[in-house]
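Readers should treat all values here as calculations from the given coordinates under stated rules, not as data from a laboratory. Source: prediction; values computed, not measured. All Cβ positions, glycine included, derive from the backbone under ideal geometry; neighbour counts span all protein chains shown.
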Amino acid sequence: MVHQVSPRRVNKPHDVLLASAGLREVSEEALPSYWDWVAENSFHLKMKHQTITDVFYRHIVLVHLLSAKPANSRWLLKLDAYNEATHTQYGFYLMDGRTELVLIDISGRIASKAAEKAVMRGVYNMTHLIVADFRKMPIRNEAVEMSFSLGSIEHVPDYDRAFYEQVRVVKERGVVLVGVPNLANWSMRALSAVILHSIGLMKKITNQEKHFTGRQVKNLAERMGLIIVEVTGYHLFPKHIRWLDLWFEYRGVGTMRKNGFLRWLLRAFTYIECRYRLARFFAEMLLVKGVKVWGRDREGKSSLRAEYNTIRSKQSI
C-alpha cells in the first residue's frame, strides 16, 4: 500500500523552474509537484525494457550494497524510489525473501510506479512505500538495520538534514551508505549537468544537484555520528554514455544496445573500477559508508542533536 502524505500543490510545476542556477531552481513548496511532473514526463520512467547501461549500473551498485548489508538484516531503508520505478531497481535486488524494504519518496506518482515494478518482480508484499519528504521522515528512531541513498540528497539544499534523517532511523551499529555526484569526476559530470540544465534538456529528468568532494562527504559522515567511515567511488564510465543510451533506447533505436564496441568499453571501465581503487575516486559518483555509533549523555538523550544543530547553523559544508 502506498501511504499518501498530502503535500502542498502548485499548478504547472514546470513553470516554477527559476532562472538562477543552483539547488533552489525548484522552490521548496513545489518539490512534490515537480517530481510528480517528472514521473509523468521523464522518458527514463517510461521505458518498457532495461538498457545496456542499466545492467552495468546495477551490477556495480550491488557489489557495494551486498558487501555492506548486515547479515540477517530484516529492515532496509532507501531514500527515493526513482531507481525502483525504472529498471535499475537496486533495492529490489537486495530482497532475499526475508528482507523488507522501505522506500520513501516525495512524489506519489513515482512511488506508484515503483509499486508497479514491485508487483512485477514479486516483492510487493515485502515493499513498504511512504510518500513523504526524506528530510523529515515519518519513521521512528533506530527502525532499520541499513539505510542507503544513491543520488538523492544532493537534490535538496539542506542535504545535511537528509543525511541526518538517514542516520537517525538506523539502529545502533547499523550501516549507512550515501552516494552523491563526484566533483572530481574525470568526465566532468558537474560541468555537463550545468550545461544541460542551462539549455533545458534535464528538467524532465531531474532538478539541479550539488556535487561533492571526497573530503566533504567524509567530514559530513563523521559529523553525523558515523565511525569506520570509508569513501570510494562508483560508475567510472562517462555519464554521457548513460544519457545517450537512455535517449536512444527510449526512441526505439537499438544503436547502443547492439553496439559491440560499447559493450567492450563498458566492460573495460568496469574492470578498471573493480581492479584499481584509486580510479574510483574519479568516478561519476562518490559513496560514503559508515557505522552508526551515537553516544548517550547523562540524560539519556542523543548527544548528536546538538552537533546536528551546530552543523545546520554554520552550514559548514
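The table below lists the values:
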quantity: Ranked packing of 273-284, 178-189, most packed first, by mean Cβ within 10 Å; calculated: 178-189, 273-284
quantity: Cα centroid of the range 25-54 to Cα centroid of the range 124-147, whole Å; calculated: 21 Å
quantity: Which listed pairs, of Lys48/Lys218; Lys171/Lys210; Lys203/Lys289, have C-alpha distances above 32 Å, in listed order; calculated: Lys48/Lys218
quantity: Footprinting exposure proxy for Trp35, Trp243 (fewest neighbouring C-beta atoms within 10 Å first); calculated: Trp243, Trp35
quantity: Estimated FRET transfer efficiency when R0 is 51 angstrom, pair Ser198-Ala71 (beta carbons, to 0.05); calculated: 0.65
quantity: Hits among aspartates and glutamates - C-alpha to C-alpha of Lys46 under 20 Å, sequence gap 8 or more where chains match; calculated: Asp36, Asp54, Asp80, Glu84, Asp105, Glu116, Asp245, Glu249
quantity: Chain lengthening between Arg173 and Lys258 when straightened (0.36 nm per residue, less Cα-Cα); calculated: 26.1 nm
quantity: Other-chain or far-sequence residues with amide H under 5 Å of Phe212's (modelled H); calculated: Asn182, Leu183
quantity: The range 57-123-the range 196-275 distance, computed between alpha-carbon centres (Å); calculated: 18 Å
